[in-house]
Amino acid sequence: MTTPVRRWASVMLIPALGLLTSCGIPTTGVVQSGVPASGLVPTIRVYYVTGDVLYGVSRRTAAPPDVGSAVQVLLKGPTPGEQSAGLRTLLPSVASPPTSLFPTEAPTLDQSSAAQTSKWVQITSRKDRVDIRLTVAMGGKTELAAAQLICTALAAERVGAPGSRPLPVTVTAAEGREIRSSDTACPD
């Protein structure tokens with residue numbers, strides 16, 4: 001049998017628990033605190049040279065890259081740490097002035113193409129191919145310099161349009177020679 005004191009204590013326990021759980025903290029609505037998490041940060045591979053061999057390094061990007069933005073990252077050159085590890089570029093850096101320029105005409109574009117131009121590189125992307133034109137002579141290292149551009153462009157296409165086959169890339173050297181992506185082996 002329960003005593004009146006026990007019955008009274010059990011009846012008073014319920015409101016006491018309600019007071020303890022509220023603790024006097026007011027409720028708030030939704031608090032905005034920035035952009036929601038969006039998953040992985042896109043990265044691209046840019047290709048530098050060590051000895052006479054291509055070597056790919058990863059770079060973070062703000063958005064899925066296109067060929068033009070990937071080439072701009074490539075033209076910035078290797079980081080100081082990468083340079084001390086023996087990586088270098090055969091392409092002129094963004095900061096260096098171009099030499100041995102040949103006259104550049106504005107590319108003829110159709111409705112489905114886009115052109116991006118820098119002092120050293122002209123990039124024309126069409127729906128069926130990517131053309132890169134060097135405006136600077138690379139000397140005896142033209143093939144390896146072109147491979148840096150081709151492999152970087154192909155890597156950007158794979159990130160920008162995952163699952164689709166990359167467009168063929170052709171680099172035209174300043175002296176007029178063409179180097180095609182089908183003739184270039186890109187390391188992973």
(1) among the hydrophobic types (A, V, I, L, M, F, W, C); (2) in contact with a Lys or Arg (Cβ under 6 Å, 6 or more places away or on another chain); (3) more than 17 Å from residue 53 (Cβ to Cβ): which one isn't true of residue 155, the others all being true? (3)
Tally of residues being over 22 Å from the mean Cα position of the chain (by Cα), of a type in the set (S, T, N, Q) and closer than 14 Å to residue 179 by Cα across region 131-159: 1
Tell me, which strands (runs of 3 or more DSSP E) lie completely within region 74-173 with 3 or more residues that are modelled with pLDDT of 85 or more and closer than 16 Å to residue 186 by Cβ? 169-172
Given the conditions (1) out of contact with any Ser or Thr (no Cβ under 6 Å at 6 or more places or on another chain); (2) under 14 Å from residue 68 (Cβ atoms); (3) buried (at least 22 other Cβ atoms within 10 Å of the Cβ), which single one is not true for residue 181? (2)
Within region 41-84, residues farther than 16 Å from residue 155 by Cβ, touching a residue at least 12 places away in the same chain (Cβ under 8 Å) and over 15 Å from the mean Cα position of the chain (by Cα) come out as 50, 51, 52, 53, 82
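The values are calculated or read from the model by the stated rules, or taken from the named source; none is laboratory data. None of these values were measured; they are calculated from a predicted model. Backbone-built Cβ (ideal geometry, glycine too); neighbour counts: all protein chains shown.
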